[in-house]
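Each value in this text was obtained by applying a stated rule to the coordinates, not by laboratory testing. Just so you know, these numbers come straight off a predicted model, no measurement behind them. Glycine also receives a Cβ, built like all others from the backbone with ideal geometry; neighbour counts cover every protein chain displayed.
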């Protein structure tokens, strides 16, 4: 993961990872970023993109876990970050059991 300033993520953590304290949430910056990418409003998404950069957003998508993104957000971010063309979005991550 590309280094991200935890203080910059705290406002997002309190809003999008409400079940943890902001300090606990920013210990896993990828989770906070994924939550904003999946559920964030337009202003928060734009602010996040400026603060962390597209490379960090790509890394979060690359390592996404099952259930972190809904289909709409998954498609949007693949298009927005230039990772997929129309009708070529990869499948959402799925859980695998051994």
*asked:* Using only Cα atoms and rounding to the nearest 10 degrees, what angle (0 to 90) does helix 29-39 make with the longest principal axis of the chain?
replied: 60
*Ranked 42, 16, 76, criterion: other C-beta atoms within 10 Å, fewest first*: 42, 76, 16
*Taking Cα atoms, how many degrees apart are the long axis of helix 6-16 and the longest axis of the chain, rounded to 10 and kept between 0 and 90?*
70
_Choice from 73, 14, 85 with maximal GNM fluctuation in the chain (Cα, 10 Å cutoff)_ = 85
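Normalised by the empirical 2.2 N^0.38 Å for globular proteins, what value does the Cα Rg of the chain take?
1.05
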*Report the label-to-label distance for residue 94 and residue 59 in nanometres (one decimal), using points 7 Å from each Cα along the Cα→Cβ vector.*
2.9
*Measure nothing but the geometry: give the 0 to 90° angle between the long axis through the Cα atoms of 42-52 and the longest principal axis through the Cα atoms of the chain, rounded to 10°.*
80
